[in-house]
Amino acid sequence: MNKIVAKGGNELKGEVNISSAKNSVLPIIAASILSSGKCVIENAPMFEDVFVISSVLESIESNVFIDKDTNKIIIDSSNVLNLQPDMDLVKKMRASFLIMGPMISKFGSFKISFPGGCNIGTRPIDLHLKGFNALGADISIGHGYVEAKATSLKGNKIYLDFPSVGATENIMMAAVLAKGETIIENAAEEPEIEDLANFLNKMGANVIGAGTDTIKIIGVKELKGTIHKPIYDRIEAGTFMIAAAITRSKIKINGINEEHLKPIIAKLNEMNVDIDVIGESILVNAKKELKPIDIKTMPYPGFPTDMQAQMMGLLCTVEGTSFITETIFENRFMHVPEMKKMGANIKIDGRNAVIEGVDKLTGCQVRATDLRAGAALILCGLAAEGTTEITDIYHIDRGYVNIENKLKRLGAFIKRIDK
Ligand code: EPU
């Protein structure tokens, strides 16, 4: 079994470069289905989720070329067929469902296996389907499949009950070739949505207001190929900010957008971590004594659920009582039993966690239960006394580019053992 081994105690020093955002590049790859020409994605992060969604596209006859040397992905979807994508791939990654919007937009009808839930919650798709239905698609669900049928899609006004990231993206992609005007209200405002809209607009779409809670899409006849470099990964940057804080170190992180990191910067500042932003770099200095804080995860621009586990790891090492409320996913505390094995003092009551800082965490064997939980356990390992072995690291490989090498270059004692 592959594992990551970390030994605590090393101070981190130096600089680290952030990759492009996982949650931008996945919908962008899906959106390239809409283009009649070639799309080139530059500075693409080379991790498992990117390979999986690329294979999903290949299973509907899209031509995907991944150049690992230049970090480019070239996609030609001009010959895409209205086939059912490989069920095993769709089940492997929930983001595969993001091809539904583009496929309905292109073909009117489309059938795909149900993406199902995942470790962090049930994650329904009702909001995506309500949106497709409002655009004129008849939806049927049965025998593990979702099917949409429409003669042509027509713009409409859609109010989302919750600002779902995936539903906003899927509806936006379904609407770009629909007749007339679509308005999505209570849309998710995450930076990755704005990035997707920029990509669509470069292809010739007319999307206005992405990044706010109201998005207007005026349908166009055709989309052409384009070249795009996705935004930096704010969650990877946040993970390295916590790496500095949990090891009480000072590091420089290159490849950030200050605006996107505001909720994380605000919380670290409140804890007494010094932060300086210089253009697209950020200096994180955690040499002062840190203070406990309260956090509630919220849709953007609130504190991101994708940083909750990492932040919890840090708070375990800070004297005093901290509180975390997880409002986005109902089952995103799976890292807690693993952190407790390392000596953390955390109590859970439903969606609330009470964290009492401990003098030290102690290394032991722990399991990455999902992507961010895995990253958080690596961070705990960097602060713990002794050796921490993290298993099930395929979760971490889904969405971090070479996390162990990037940390090693900062001076951490960390290695991967592939068996
Ligand atoms: N929800 C519904 N109905 C829907 C869709 C969502 O009830 O039709 C609920 C979900 O069950 C959940 C909440 O809405 O409780 C938020 O889900 P959302 O749709 O916003 O999340 P997502 O699109 O499935 C993306 C990211 C996640 C990130 C969330 C929240 C991608 C590929 N994934 O998921 O990223 O946590 O937004 O910001 O963009 C990660 O990177 O580790 C990760 C899990």
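The values are calculated or read from the model by the stated rules, or taken from the named source; none is laboratory data. The shown structure was predicted, so the numbers you read here are calculated from the model rather than taken from an experiment. Neighbour counts run over all protein chains shown; Cβ positions are idealised from the backbone, glycine included. For the accessible areas, the whole protein counts, side chains as well, though only heavy atoms, and no ligand, DNA or RNA atoms are used. Shrake-Rupley method; radii C 1.70, N 1.55, O 1.52, S 1.80 Å.
Table for the structure above
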{"quantity": "Inter-centroid distance (Cα atoms) of region 359-386 relative to region 32-55, Å", "calculated": "32"}
{"quantity": "Selected from D359, D213, D195 as most flexible by GNM, with the chain as the system and alpha-carbon contacts under 10 Å", "calculated": "D359"}
{"quantity": "Whole-number Å³ per residue for the convex hull built on Cα positions in the chain", "calculated": "125"}
{"quantity": "Accessible area expressed per residue, region 127-200, with surrounding protein chains retained (probe 1.4 Å, Å²)", "calculated": "39"}
{"quantity": "At 0.692 mPa s and 37 °C, Stokes D of region 265-331 from Kirkwood alpha-carbon radius, µm² per second", "calculated": "255"}
{"quantity": "Contact order normalised by residue count of the chain, Cα under 8 Å, 6+ apart, percent", "calculated": "21"}
{"quantity": "Percent carbon-and-sulfur accessible area, the chain, ignoring ligands, DNA and RNA, probe 1.4 Å", "calculated": "48"}
{"quantity": "Residue order for D397, D69 - accessible surface, 1.4 angstrom probe, largest first", "calculated": "D69, D397"}
{"quantity": "Additional length obtainable on full extension of the chain from K291 to N402, 0.36 nm per residue less Cα span", "calculated": "36.9 nm"}
{"quantity": "Heavy-atom SASA rank of T151, T369 (probe 1.4 Å, accessible area, largest first)", "calculated": "T151, T369"}
{"quantity": "Extension reserve of the E58-E42 stretch, reckoned as 0.36 nm per residue once the Cα distance is removed", "calculated": "3.8 nm"}
{"quantity": "Neighbour net charge for V284 - beta-carbon separation under 10 angstrom, K R +1, D E -1", "calculated": "0"}
{"quantity": "Charge sum, other residues only, whose C-beta stays under 11 Å from E48's C-beta, Lys/Arg counted +1 and Asp/Glu -1", "calculated": "+1"}
{"quantity": "Kirkwood estimate for region 208-251, i.e. one over the average of 1/r between Cα atoms, Å", "calculated": "14.6"}
{"quantity": "Difference of contour (0.36 nm per residue) and Cα-Cα distance, N133 to C364", "calculated": "78.2 nm"}
{"quantity": "Of K179/K216; K13/K419; K3/K252, pairs whose Cα-Cα distance is over 22 Å", "calculated": "K13/K419; K3/K252"}
{"quantity": "Selected from H260, H335, H143 as most flexible by GNM, with the chain as the system and alpha-carbon contacts under 10 Å", "calculated": "H143"}
{"quantity": "Max mean-square fluctuation residue, GNM over the chain, Cα-Cα springs under 10 Å, options I328, I390, I348", "calculated": "I348"}
{"quantity": "Net charge contributed by nearby residues that have their C-beta within less than 11 Å of C39 (K/R +1, D/E -1)", "calculated": "+2"}
{"quantity": "E326, E356, reordered so the largest accessible area comes first (probe 1.4 Å)", "calculated": "E356, E326"}
{"quantity": "Alpha-carbon Rg/Rh ratio, for region 103-235, with Rh computed the Kirkwood way", "calculated": "0.96"}
{"quantity": "Region 22-228: relative contact order as a whole-number percent, Cα under 8 Å and 6+ apart", "calculated": "21"}
{"quantity": "Zone of K224's modelled label, taken as backbone nitrogen in region 187-204 under 11 Å from a point 7 Å along Cα→Cβ", "calculated": "203-204"}
{"quantity": "Qualifying trypsin sites (Lys or Arg not before Pro) in region 264-337, DSSP loop, other Cβ atoms within 10 Å at most 11", "calculated": "K288"}
{"quantity": "Computed label-point distance, nm, for sites F114 and L81 using a 7 Å Cα→Cβ extension", "calculated": "2.8"}
